[in-house]
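K.L.:
Dropping the structure in here first, questions after.
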Amino acid sequence: MDEEQAIQRLKRGDVGGLEILVHHYQVKAVRTAYLITRDAELAEDVVQEAFLKIYRAIRTFDATRPFEPWFLRSVVHAAVKAAQKTVWETPQGAEWEDLLDADESVEAQVESAEFQRQVWNAMQSLSPRQRVVVVQRYFLDMSEREMAAKLETAPGTVKWLLNAARTRLRALLRKEVEE
(Lines give C-alpha, C1' and ligand atoms only; values in the text may rest on other atoms or scores of the structure.)
Protein backbone atom coordinates (compact mmCIF):
# COMPACT_ATOMS: atom_id res chain seq x y z
CA MET A 1 0.00 0.00 0.00
CA ASP A 2 1.36 3.41 -0.86
CA GLU A 3 1.28 6.64 1.13
CA GLU A 4 -1.71 8.08 -0.71
CA GLN A 5 -3.82 5.00 -0.01
CA ALA A 6 -2.73 5.01 3.63
CA ILE A 7 -3.80 8.65 4.00
CA GLN A 8 -7.17 7.91 2.39
CA ARG A 9 -7.69 4.97 4.76
CA LEU A 10 -6.80 7.16 7.70
CA LYS A 11 -9.17 9.89 6.55
CA ARG A 12 -11.94 7.28 6.56
CA GLY A 13 -11.08 6.46 10.17
CA ASP A 14 -9.17 3.24 9.43
CA VAL A 15 -6.22 3.04 11.86
CA GLY A 16 -4.48 0.67 9.42
CA GLY A 17 -3.56 3.74 7.39
CA LEU A 18 -1.68 5.14 10.35
CA GLU A 19 0.23 1.88 10.71
CA ILE A 20 1.52 2.24 7.14
CA LEU A 21 2.60 5.85 7.75
CA VAL A 22 4.35 4.87 10.98
CA HIS A 23 6.18 2.11 9.12
CA HIS A 24 7.33 4.57 6.42
CA TYR A 25 8.31 7.56 8.55
CA GLN A 26 9.05 6.52 12.12
CA VAL A 27 12.81 6.01 11.76
CA LYS A 28 13.37 9.31 9.96
CA ALA A 29 11.09 11.16 12.36
CA VAL A 30 12.80 9.75 15.47
CA ARG A 31 16.22 10.56 14.00
CA THR A 32 15.06 14.12 13.29
CA ALA A 33 13.62 14.60 16.77
CA TYR A 34 16.72 13.08 18.34
CA LEU A 35 19.00 15.52 16.54
CA ILE A 36 17.02 18.37 18.10
CA THR A 37 16.22 16.99 21.55
CA ARG A 38 19.42 15.00 22.07
CA ASP A 39 17.45 12.46 24.08
CA ALA A 40 16.42 9.13 22.53
CA GLU A 41 13.42 8.55 24.82
CA LEU A 42 12.19 12.11 24.43
CA ALA A 43 12.58 11.86 20.65
CA GLU A 44 10.48 8.70 20.60
CA ASP A 45 7.82 10.38 22.76
CA VAL A 46 7.78 13.43 20.46
CA VAL A 47 7.30 11.24 17.39
CA GLN A 48 4.63 9.11 19.04
CA GLU A 49 2.71 12.27 19.95
CA ALA A 50 3.18 13.60 16.41
CA PHE A 51 1.63 10.43 14.97
CA LEU A 52 -1.30 10.76 17.38
CA LYS A 53 -1.78 14.37 16.28
CA ILE A 54 -1.73 13.21 12.66
CA TYR A 55 -4.44 10.68 13.45
CA ARG A 56 -6.60 13.40 15.01
CA ALA A 57 -5.93 16.06 12.35
CA ILE A 58 -5.61 14.02 9.13
CA ARG A 59 -8.90 15.40 7.82
CA THR A 60 -7.27 18.83 7.55
CA PHE A 61 -4.36 17.48 5.51
CA ASP A 62 -4.44 18.45 1.83
CA ALA A 63 -3.82 15.12 0.08
CA THR A 64 -2.59 16.91 -3.05
CA ARG A 65 0.51 17.99 -1.13
CA PRO A 66 3.39 15.75 -0.02
CA PHE A 67 2.87 14.14 3.37
CA GLU A 68 6.50 13.76 4.49
CA PRO A 69 7.45 17.47 4.72
CA TRP A 70 4.15 18.27 6.45
CA PHE A 71 4.66 15.51 9.00
CA LEU A 72 8.37 16.14 9.62
CA ARG A 73 7.72 19.84 10.16
CA SER A 74 5.30 18.95 12.93
CA VAL A 75 7.96 16.66 14.42
CA VAL A 76 10.53 19.48 14.30
CA HIS A 77 8.11 21.90 15.93
CA ALA A 78 7.28 19.45 18.73
CA ALA A 79 10.96 18.57 19.22
CA VAL A 80 11.91 22.23 19.59
CA LYS A 81 9.24 22.71 22.24
CA ALA A 82 10.44 19.62 24.07
CA ALA A 83 14.10 20.68 23.76
CA GLN A 84 13.39 24.03 25.32
CA LYS A 85 11.88 22.33 28.38
CA THR A 86 14.61 19.79 29.08
CA VAL A 87 18.18 19.72 30.41
CA TRP A 88 20.43 17.64 28.19
CA GLU A 89 23.05 14.99 28.78
CA THR A 90 25.57 13.77 26.22
CA PRO A 91 24.80 10.28 24.93
CA GLN A 92 27.02 7.43 26.03
CA GLY A 93 28.99 5.20 23.69
CA ALA A 94 26.36 2.47 23.50
CA GLU A 95 23.81 4.89 22.04
CA TRP A 96 26.26 5.86 19.27
CA GLU A 97 26.95 2.21 18.49
CA ASP A 98 23.26 1.70 17.72
CA LEU A 99 23.47 4.45 15.12
CA LEU A 100 26.45 2.96 13.31
CA ASP A 101 25.99 0.90 10.19
CA ALA A 102 26.88 -2.74 10.91
CA ASP A 103 28.21 -3.25 7.36
CA GLU A 104 31.10 -0.83 7.87
CA SER A 105 34.59 -2.04 8.69
CA VAL A 106 35.73 -1.70 12.29
CA GLU A 107 38.13 1.08 11.30
CA ALA A 108 35.39 2.97 9.43
CA GLN A 109 33.05 2.54 12.39
CA VAL A 110 35.63 3.96 14.77
CA GLU A 111 36.30 6.94 12.50
CA SER A 112 32.58 7.48 12.00
CA ALA A 113 31.89 7.25 15.73
CA GLU A 114 34.66 9.75 16.46
CA PHE A 115 33.35 12.18 13.85
CA GLN A 116 29.79 11.78 15.18
CA ARG A 117 31.04 12.44 18.69
CA GLN A 118 32.77 15.61 17.51
CA VAL A 119 29.71 16.85 15.64
CA TRP A 120 27.49 15.89 18.58
CA ASN A 121 29.68 17.86 21.01
CA ALA A 122 29.65 20.85 18.68
CA MET A 123 25.86 20.68 18.28
CA GLN A 124 25.55 20.81 22.09
CA SER A 125 26.86 24.36 22.01
CA LEU A 126 24.22 25.60 19.58
CA SER A 127 21.01 27.18 20.75
CA PRO A 128 17.80 25.19 20.10
CA ARG A 129 16.91 27.58 17.25
CA GLN A 130 20.31 27.05 15.65
CA ARG A 131 19.97 23.28 16.00
CA VAL A 132 16.54 23.47 14.37
CA VAL A 133 17.79 25.31 11.28
CA VAL A 134 20.74 22.92 10.94
CA VAL A 135 18.41 19.90 11.15
CA GLN A 136 15.84 21.45 8.81
CA ARG A 137 18.44 22.42 6.22
CA TYR A 138 20.84 19.48 6.28
CA PHE A 139 18.73 16.56 7.50
CA LEU A 140 15.29 17.46 6.13
CA ASP A 141 16.59 19.23 2.99
CA MET A 142 14.26 22.18 3.50
CA SER A 143 14.84 25.37 1.55
CA GLU A 144 15.42 28.64 3.37
CA ARG A 145 11.99 29.81 2.21
CA GLU A 146 10.33 26.69 3.68
CA MET A 147 12.28 27.13 6.89
CA ALA A 148 11.25 30.77 7.20
CA ALA A 149 7.60 29.87 6.67
CA LYS A 150 7.74 27.06 9.22
CA LEU A 151 9.57 29.17 11.80
CA GLU A 152 7.29 32.12 11.04
CA THR A 153 10.25 34.42 10.63
CA ALA A 154 11.91 36.47 7.90
CA PRO A 155 14.15 34.65 5.39
CA GLY A 156 16.99 36.93 6.49
CA THR A 157 16.65 35.61 10.04
CA VAL A 158 16.91 32.04 8.77
CA LYS A 159 20.03 32.93 6.77
CA TRP A 160 21.52 34.61 9.81
CA LEU A 161 20.73 31.62 12.05
CA LEU A 162 22.22 29.20 9.53
CA ASN A 163 25.33 31.32 9.09
CA ALA A 164 25.78 31.68 12.86
CA ALA A 165 25.27 27.94 13.39
CA ARG A 166 27.72 26.96 10.62
CA THR A 167 30.31 29.45 11.85
CA ARG A 168 30.00 28.16 15.40
CA LEU A 169 30.12 24.52 14.30
CA ARG A 170 33.22 25.12 12.15
CA ALA A 171 35.01 26.85 15.01
CA LEU A 172 34.08 24.13 17.49
CA LEU A 173 35.06 21.31 15.13
CA ARG A 174 38.38 23.02 14.32
CA LYS A 175 39.07 23.37 18.04
CA GLU A 176 38.16 19.70 18.60
CA VAL A 177 40.52 18.55 15.84
CA GLU A 178 43.37 20.72 17.14
CA GLU A 179 43.03 19.25 20.61
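K.L.:
What number of residues in region 39-65 are within 22 Å of Gly13 (Cα to Cα) and either modelled with pLDDT of 90 or more or surrounded by 11 or more Cβ atoms within 10 Å (Cβ to Cβ) (or both)?
P.N.:
Here is the first cut: in region 39-65, the ones within 22 Å of Gly13 (Cα to Cα) are 47-65.
Next, from what is left, pick out any that are either modelled with pLDDT of 90 or more or surrounded by 11 or more Cβ atoms within 10 Å (Cβ to Cβ) (or both): 47-55, 58, 61, 63.
Within region 39-65, residues that are within 22 Å of Gly13 (Cα to Cα) and either modelled with pLDDT of 90 or more or surrounded by 11 or more Cβ atoms within 10 Å (Cβ to Cβ) (or both) number 12.
K.L.:
So Ile36 clears everything in (1) of a type outside the set (Gly, Ala, Ser); (2) part of a helix (DSSP H, G or I); (3) closer than 24 Å to Glu152 by Cβ; (4) at pLDDT 85 or above except one condition, right? Which one?
P.N.:
All conditions are met except number (4).
K.L.:
Pairs needed: first member in region 1-24, within 19 Å of Ala50 (Cβ to Cβ); second member anywhere, of a type in the set (S, T, N, Q); C-beta distance under 6 Å; at least 6 residues apart or different chains.
P.N.:
none
K.L.:
Any idea which residue in region 6-29 is surrounded by the most Cβ atoms within 10 Å (Cβ to Cβ), counting only those that are β-branched (Val, Ile, Thr) and within 19 Å of Leu72 (Cα to Cα)? If you could, list the steps in order and put the result at the bottom.
P.N.:
Within region 6-29, the subset β-branched (Val, Ile, Thr) is 7, 15, 20, 22, 27.
Subsequent filtering for residues that are within 19 Å of Leu72 (Cα to Cα) retains 7, 20, 22, 27.
Numbers: Ile7: 19, Ile20: 17, Val22: 17, Val27: 11.
So the residue we want is Ile7.
K.L.:
Report whether or not Ala149 is over 25 Å from Glu41 (Cα atoms), at pLDDT 80 or above and small (Gly, Ala, Ser).
P.N.:
Against the criterion (over 25 Å from Glu41 (Cα atoms), at pLDDT 80 or above and small (Gly, Ala, Ser)), Ala149 qualifies.
K.L.:
I would also like to ask the following. How many residues are touching a Pro at 6+ places or on another chain (Cβ under 7 Å) and buried (at least 18 other Cβ atoms within 10 Å of the Cβ) when one looks only at region 122-179?
P.N.:
Initially, region 122-179 is screened for residues touching a Pro at 6+ places or on another chain (Cβ under 7 Å), giving 144-145, 148.
The next check asks that each one be buried (at least 18 other Cβ atoms within 10 Å of the Cβ); those that pass are 148.
Total satisfying the criteria: 1.
The values are calculated or read from the model by the stated rules, or taken from the named source; none is laboratory data. If you're wondering where the values come from, they're calculated on a predicted model, not measured in any experiment. Quick reminder, even Gly has a Cβ in these numbers, built from the backbone with ideal geometry, and neighbours come from all protein chains shown.
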